[in-house]
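**Student:** Submitted below is the structure of interest, expressed as structure tokens.
The values are calculated or read from the model by the stated rules, or taken from the named source; none is laboratory data. Since this is a predicted model, take the numbers as computed values, not measurements. Cβ atoms come from the backbone with ideal geometry, glycine included; neighbour counts cover every protein chain shown. Keep in mind that these areas ignore ligands, DNA and RNA; they rest on the heavy atoms of the full protein, side chains included. Shrake-Rupley method; radii C 1.70, N 1.55, O 1.52, S 1.80 Å.
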Amino acid sequence: MIKVNHLKKSFGKNEVLKDINEEFSQGEVVVVIGPSGSGKSTFLRCLNLLEEPSDGEIVFEGTTLTGLNEKDLNQLRQKMGMVFQQFNLFPHKTAKQNLTIAPVKSKGVDKHQADQTAVKLLRQVGLGDKEDAYPASLSGGQQQRVAIARALAMDPDVMLFDEPTSALDPEMVGEVLKVMKDLAQSGMTMVVVTHEMGFAREVADRVLFMDDGYIVESGTPDMIFSNPKNERTQDFLSKVL
Amino acid sequence: MKKGIKGFIALLILFSTLFIPAEPVLAEDGSALQRVQDAGVLVVGTSADFPPFEFYAVVDGERQVVGMDMMIAQKVADDLGVELQIQDIGFDSLLPALEARNVDVVIAGMTPTAERRRSVDFSDIYFQTFQNIMIRAEDEDVYDSLESLSGLTVGVQSGSLQEDLAQQIPDAEIMSLTDLNDLLLALKTNRIEAIVMQGPNAEAHAGHDEDLHTFVGGFELDDDDQGSAIAFRQGEDSLVDAVNESLAEIEEQNLTEEYLAEAGEYMAQAELDEDGEEIEEGFIASYWEYFLDGTLITLLISASAVFFGLILGSLLALMRLSKVFLLKPLATAYVEFVRGTPLLIQVMFIYFASGMFFNLPALTAGIIAVSLNSGAYIAEIIRSGINSVNKGQDEAARSLGMSKNDSMRYIVFPQALKNIWPALGNEFITIIKESSIVSVIGVGELIFQTRVVRSISFQGILPLFITMLIYFALTFSLTKLLNFYEGRMNHD
Ligand SMILES: Nc1ncnc2c1ncn2[C@@H]1O[C@H](COP(=O)(O)OP(=O)(O)O)[C@@H](O)[C@H]1O
Ligand SMILES: [Mg+2]
């Protein structure tokens, strides 16, 4: 579904991604782990071209995204939902409006239908009673669930998560992970950057370990967690587990 | 300060002449006269705060500039067979307006000094005048000559002949103000001891105010300095000749006396109502229309400037944030230049410079200048507002597949607007207050009308106080309105 060929990304002289080759298939749930600063966010953001790759190509559902014109890129981005560490809900819109603005304004979905979808999705993430609440009145966990629902409202084929629980108070992590687990079980293709090793072990089909701009090791959760081959993976896991 | 502005105007004129084809100054073939007759209208510039020569009075229920000079202007226009159109402009700006072709001639009790002759031509002298000293009535026995004022503070109108004459008072400290009414107020409030004023004008004021007393100053005068003449652009001899013929007739038939008497009636009328009875109604009842007109014009200028300023400001802000070639440096240069120069000069520049090419009404020129000016400030406010919105907002929108424009329009801009609302409110209030600057080109906004009321009512302070209250009412209601909308945008 997404194919990454020789992806490189530099900020000025700082080469953050150094030749990444990877493929994500339909329905797969992949968890990306690795030390802070290793390039995980940059990798994820290159997938939907929020960051422009310096070299290499991203192919999504058969279309090469790199070098695509603005309009077609916008179309394809609609198929790739993204959830941010800092939620990034629109503070001037209610929960429901957060879910309907992009479908109505940029996808041309009928307002009435968008409303119905929004209500259904908010219920799905357990926030059926918060339709008219503004983000500022919601807890962190609730905001992140709205953000997930907002991405789902575009009816995407893949969901990208960048440390979705890192900014949350510990007691709220569970409610967000639960929503993500349900989503995985429904068959959604997911790429998740996270430090929640329990989630990785339980939900992931595959785990990638990134360090210093490379994907150092890739395998099933069992292989990575119980039997890591690379020294750097072992070192990292010994610190976080 | 005033000298500096005059210097700048001179520079401006010099600069603007670069744009127009040099006209032969001496070889004149009747084209000036022809031009006026073709246009069918003679545009006369004056400064209507100078009774009995030019001042406002109500004629047939309408406010008009009247006075001896205006009757001369009417006679000249009649003799030329054209309509008369009067433009009331500040005295300082009259000659620039003439040279910039905003007016055809200047009739404003102007003395043809050697200095002025260097930049404009004059008609024959149509009125011999004398120069007075104005003092407080209570000082009548103290001051009676130039010598008696030695070493004291004396007021004069800036840019006037009197400014030079005041040098003849030994060791006098000189205070120059643009507005005669401010000088009279300064005199009454003991800030200055005397004013050097043109004779008939001083008598007109003293005759209407028992706190004032005036006497003939006994100045040494050049021949040039004793009369009033009409000013023309250099090289328009055919027009000068035609006007001189009318002036000769006026002299022959001794019409100025008749005109002065008529002007005296208008001045008396300022204190009488239509049936000739003394006005007993209050000040506001007599002059509220001036304040209303001024307020409406001020509102019109401010509202237009806010509207066009917002459009221009948004455009400039987007240009400054854009990556398209040249857009950013262009917008930056514009903003820096406009913020780095005084609004006063911008207003004069647009009015006078445009006068060289086409006839832009003063109100339009004023609205354009204030809009162009506020656009630069609003651009900076909007730019900082857009920058103040967290980058994650745009990224979230883009990740949903929204286009750059949609993201700006629906996500970033509404939040920026909320952040900058107080700063925008400040700017709107500034616009209301600063719009008063367009009074220098004769736009009848609130400050301008206040000047008019002060000169016809012979009241110094009360009009100022009323104007202050009106401005406060305007800005305070605007603040309330803005607060209301700010509350509606607040979702935190
Ligand atoms: N916009 C940017 N400009 C410059 N450097 C950046 C930018 N974004 C990330 N980096 C750098 O790239 C490196 C990898 O960052 P990131 O992808 O955020 O790592 P991770 O998510 O694994 O912690 C870091 O050294 C970071 O400083
Ligand atoms: Mg990161």
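Yes/no per residue for (1) within 12 Å of chain B (Cβ to nearest Cβ); (2) open to solvent by 10 Å² or more (accessible area, probe 1.4 Å); (3) not aromatic (F, W, Y):
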site	(1), (2), (3)
A:L122	no, no, yes
A:L160	yes, no, yes
A:P164	no, no, yes
A:E171	no, yes, yes
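**Student:** Go through (1) surrounded by 19 or more Cβ atoms within 10 Å (Cβ to Cβ); (2) modelled with pLDDT of 90 or more; (3) hydrophobic (A, V, I, L, M, F, W, C) for B:F215 and report which single condition fails.
**Tutor:** Every listed condition holds for B:F215 apart from (1).
**Student:** A follow-up question, please. Does region B:413-420 include one or more residues that are part of a helix (DSSP H, G or I) and under 32 Å from the mean Cα position of the chain (by Cα)?
**Tutor:** Restricting attention to region B:413-420, the residues satisfying the condition of being part of a helix (DSSP H, G or I) are B:413-420.
Those left that are additionally under 32 Å from the mean Cα position of the chain (by Cα): none.
Checked against the condition, which is being part of a helix (DSSP H, G or I) and under 32 Å from the mean Cα position of the chain (by Cα), region B:413-420 yields no hits at all.
**Student:** Also: So is A:K105 basic (K, R), away from ligand 2 (no atom under 14 Å from the Cβ) and at the interface with another protein chain (Cβ under 10 Å from one of its Cβ atoms) or not? I'd like the intermediate steps shown before the answer.
**Tutor:** Values: basic (K, R): yes; away from ligand 2 (no atom under 14 Å from the Cβ): yes; at the interface with another protein chain (Cβ under 10 Å from one of its Cβ atoms): yes.
In short, yes.
**Student:** I'd like to know if region B:465-486 contains one or more residues that are within 14 Å of chain A (Cβ to nearest Cβ), farther than 30 Å from B:F53 by Cα and part of a helix (DSSP H, G or I). Don't jump to the end; show me each part of the working.
**Tutor:** Let us first name the residues in region B:465-486 that are within 14 Å of chain A (Cβ to nearest Cβ), namely B:485-486.
Among the residues that remain, those that are also farther than 30 Å from B:F53 by Cα are: B:485-486.
Still in the running and part of a helix (DSSP H, G or I): B:485-486.
Checking region B:465-486: at least one residue is within 14 Å of chain A (Cβ to nearest Cβ), farther than 30 Å from B:F53 by Cα and part of a helix (DSSP H, G or I).
**Student:** Go through the residues of region A:1-10 one by one and say whether even a single one is more than 9 Å from ligand 1 (Cβ to nearest atom), modelled with pLDDT under 95 and part of a loop (DSSP other than H, G, I, E, B).
**Tutor:** Yes: one or more hits.
**Student:** Oh, and also: Name the residues in region A:46-57 that are surrounded by fewer than 20 Cβ atoms within 10 Å (Cβ to Cβ) and either near ligand 1 (Cβ under 8 Å from one of its atoms) or not in a loop (DSSP other than H, G, I, E, B) (or both), would you?
**Tutor:** A:E51, A:D55, A:G56, A:E57 - these are the residues of region A:46-57 that are surrounded by fewer than 20 Cβ atoms within 10 Å (Cβ to Cβ) and either near ligand 1 (Cβ under 8 Å from one of its atoms) or not in a loop (DSSP other than H, G, I, E, B) (or both).
**Student:** Another one. If a residue must be away from ligand 2 (no atom under 16 Å from the Cβ) and without any contact (Cβ under 8 Å) to a residue 40 or more places away in the chain, how many such residues does region A:156-181 contain?
**Tutor:** Keep residues of region A:156-181 that are away from ligand 2 (no atom under 16 Å from the Cβ), which gives A:156-159, A:169-181.
Next cut, without any contact (Cβ under 8 Å) to a residue 40 or more places away in the chain only: A:169-174, A:176-178, A:180-181.
Adding up the residues that qualify gives 11.
**Student:** In region A:128-156, which residues are among the charged types (D, E, K, R) and within 12 Å of another protein chain (Cβ to nearest Cβ)? Steps first, please.
**Tutor:** Here is the first cut: in region A:128-156, the residues among the charged types (D, E, K, R) are A:129-132, A:145, A:150, A:155.
Hits for region A:128-156 are A:D132, A:R150, A:D155.
**Student:** Would you check which residues across region A:201-219 are open to solvent by less than 60 Å² (accessible area, probe 1.4 Å) and either farther than 18 Å from A:V83 by Cβ or within 16 Å of ligand 2 (Cβ to nearest atom) (or both) and list them?
**Tutor:** First pass over region A:201-219, keeping only residues open to solvent by less than 60 Å² (accessible area, probe 1.4 Å): A:203-204, A:206-211, A:213, A:215-219.
Residues satisfying the conditions are A:R206, A:V207, A:L208, A:F209, A:M210, A:D211, A:G213, A:I215, A:V216, A:E217, A:S218, A:G219.
**Student:** Confirm whether A:F236 is within 16 Å of ligand 2 (Cβ to nearest atom) and touching a strand residue (DSSP E or B) at 6+ places or on another chain (Cβ under 6 Å).
**Tutor:** Numbers: within 16 Å of ligand 2 (Cβ to nearest atom): yes; touching a strand residue (DSSP E or B) at 6+ places or on another chain (Cβ under 6 Å): no.
Answer is no for this residue.
**Student:** Scanning for something more than 31 Å from the chain's Cα centre (by Cα), modelled with pLDDT under 95 and surrounded by 19 or more Cβ atoms within 10 Å (Cβ to Cβ), does region B:434-446 turn up at least one residue?
**Tutor:** In the first step, residues of region B:434-446 are kept if they are more than 31 Å from the chain's Cα centre (by Cα); the result is none.
No: region B:434-446 contains no residue that is more than 31 Å from the chain's Cα centre (by Cα), modelled with pLDDT under 95 and surrounded by 19 or more Cβ atoms within 10 Å (Cβ to Cβ).
**Student:** Sticking with this structure for a sec: May I ask you to list the residues in region A:16-60 that are more than 14 Å from every other protein chain (Cβ to nearest Cβ), farther than 15 Å from A:M190 by Cβ and either polar (S, T, N, Q) or more than 16 Å from ligand 2 (Cβ to nearest atom) (or both)? Before the answer, list the steps.
**Tutor:** Our first condition is that a residue be more than 14 Å from every other protein chain (Cβ to nearest Cβ); within region A:16-60, this holds for A:16-40, A:43, A:53-59.
Applying the additional criterion that residues be farther than 15 Å from A:M190 by Cβ yields A:16-21, A:34-39, A:53-59.
Answer for region A:16-60, where residues must be more than 14 Å from every other protein chain (Cβ to nearest Cβ), farther than 15 Å from A:M190 by Cβ and either polar (S, T, N, Q) or more than 16 Å from ligand 2 (Cβ to nearest atom) (or both): A:K18, A:D19, A:N21, A:S36, A:S38, A:P53, A:S54, A:D55, A:G56, A:E57, A:I58, A:V59.
**Student:** Among the listed residues B:L183, B:L161, which satisfies the condition of being surrounded by 15 or more Cβ atoms within 10 Å (Cβ to Cβ) and in contact with a Gly (Cβ under 6 Å, 6 or more places away or on another chain)?
**Tutor:** Details: B:L161 fails: in contact with a Gly (Cβ under 6 Å, 6 or more places away or on another chain).
Within the list B:L183, B:L161, the selection yields B:L183.
**Student:** Considering only region A:61-101, state which residues are more than 9 Å from every other protein chain (Cβ to nearest Cβ), in a loop (DSSP other than H, G, I, E, B) and open to solvent by less than 20 Å² (accessible area, probe 1.4 Å).
**Tutor:** Hit for region A:61-101 is A:L65, nothing else.
**Student:** Return a yes/no flag: does region A:29-40 have any residue that is surrounded by 14 or more Cβ atoms within 10 Å (Cβ to Cβ), touching a residue at least 40 places away in the same chain (Cβ under 8 Å) and more than 16 Å from ligand 1 (Cβ to nearest atom). Show your work before the answer.
**Tutor:** Pass one, region A:29-40, residues surrounded by 14 or more Cβ atoms within 10 Å (Cβ to Cβ): A:29-35, A:38-40.
So of that shortlist, the ones also touching a residue at least 40 places away in the same chain (Cβ under 8 Å) come out as A:29-35, A:38-40.
Those left that are additionally more than 16 Å from ligand 1 (Cβ to nearest atom): A:29.
Yes, region A:29-40 contains at least one residue that is surrounded by 14 or more Cβ atoms within 10 Å (Cβ to Cβ), touching a residue at least 40 places away in the same chain (Cβ under 8 Å) and more than 16 Å from ligand 1 (Cβ to nearest atom).
**Student:** Would you call A:M190 away from ligand 2 (no atom under 16 Å from the Cβ) and within 25 Å of A:T94 (Cβ to Cβ)? Break it down stepwise before answering.
**Tutor:** Working: away from ligand 2 (no atom under 16 Å from the Cβ): yes; within 25 Å of A:T94 (Cβ to Cβ): no.
When the stated conditions are applied, A:M190 does not pass them.
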